[in-house]
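Worksheet for the structure shown next.
Derivation of every value follows stated rules applied to the coordinates shown; laboratory data play no part. Everything numeric here is computed off the predicted structure, so don't read it as measured data. Neighbour counts run over all protein chains shown; Cβ positions are idealised from the backbone, glycine included.
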Amino acid sequence: MKLRSLLLSLLGALLFLSGVLIGLSLSAVVVWGESEARIYTSYNAERRLKVQCPLMLSPVASGVVSADIINPSDEEIKPVVSVEVSHTKIPRKESQTLTLAPSGSGTVQWSVDPSDVIFERLILVNILQSRYRDNPSRLGSCGIFIFSLFGLPGVQTFALVFAISLAAMLSGSALWLYARWPLNNLATNIAQPSVVLLVITILALLTTIPRLWGLTLVLDALILLIMGVIITEFGLFSQKYSTNL
């Protein structure tokens, strides 16, 4: 019975840590793409511009990047909006001139495809709204990760990896608790940081959707720190449990 409980708890722990690692990997590639996009550009601006990009694309698919350009003034403006997209040798650049009525808005969009991939897995995009009279310049950036599971489109692959991470963490937690219930002091010491790790990993995954990459980076660092604590505690737990067999 003790051997069965040990095997189930080990399986649960492996499932849980696998889910955490999958979630960490998914959030980390989003951070990688967003940070690379900001380094890659030659543009400068006074304020931030919100852009819309797919988080993930299939290696054989194209996607659309866009931005909403707003005129907050009480006069007509004609700002130039430029896009800089990563390319094999030099960035691809295109521009549009918009005519915006007072307090009006307009949308610009461009297509990206696998020919824009650099670093083997990333498409980097920067959109610049140039300064026009009293309207300040604005710059928005995004990174698109190129990956597909089972030939699925990027958005479905992202959702599937997200779901696999959650399922592995939750099922692993349930299996470990089932094998170890009721918890002794050492098992409680493992369970407490594991709950924190579960919550932080879910938060890190959720922050990738609105591209809060700075917060995602902090959460990923916390995940690595807490994983170290749990692995240390689990090693102590395994040694103590083995001596009692």
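Restricting to Cα pairs below 8 Å that are 6+ residues apart, what does the relative contact order work out to for region 36-146? Please round to a whole percent. It would help to have the intermediate numbers written out before the result.
Values: 275 pairs, mean separation 42.3, N = 111.
Across region 36-146, relative contact order equals 38 percent.
With r as the distance between the Cβ atoms of VAL60 and ARG4 and R0 = 45 Å, compute the FRET efficiency 1/(1 + (r/R0)^6) and round to 0.05. List each step's numbers first, then the result.
On the way: r = 47 Å, r/R0 = 1.04.
My answer for the efficiency is 0.45.
Rounded to the nearest 0.05, what FRET efficiency do GLN52 and ASP134 give with R0 = 22 Å and r taken as the Cβ-Cβ distance? Could you check? All intermediate terms of the calculation are to be shown ahead of the outcome.
On the way: r = 26 Å, r/R0 = 1.19.
So, using R0 = 22 Å, E works out to roughly 0.25.
Per-residue ellipticity at 222 nm for the chain, helices alone: DSSP H runs ≥ 4 residues times -39500 (n - 2.57), over residue total, nearest 500 deg cm²/dmol?
Values: 4 runs with 121 residues, N = 245.
Theoretical 222 nm ellipticity from helices: -18000 deg cm²/dmol.
Between ASP74 and LEU225, how many nm apart are label points set 7 Å from Cα along the C-beta direction?
5.1
Give me the number: length gained by fully extending ARG38 to ALA191, i.e. 0.36 nm times residue separation minus the C-alpha to C-alpha distance, one decimal in nm. The partial results should precede the final answer.
Details: separation 153, 0.36 × 153 = 55.08 nm, distance 3.87 nm.
The ARG38-ALA191 span can extend by a further 51.2 nm.
At 7 Å along the Cα-to-beta-carbon direction for both VAL199 and ALA174, put a label point, then send me their distance in nm to one decimal.
That separation, rounded to one decimal, is 2.1 nm.
Quick one: if the Förster radius is 41 Å, what FRET efficiency do ASP113 and LEU206 give, using the C-beta to C-beta distance and rounding to 0.05? Don't skip to the end; give the middle numbers.
Values: r = 29 Å, r/R0 = 0.70.
FRET efficiency, ASP113 to LEU206: 0.90.
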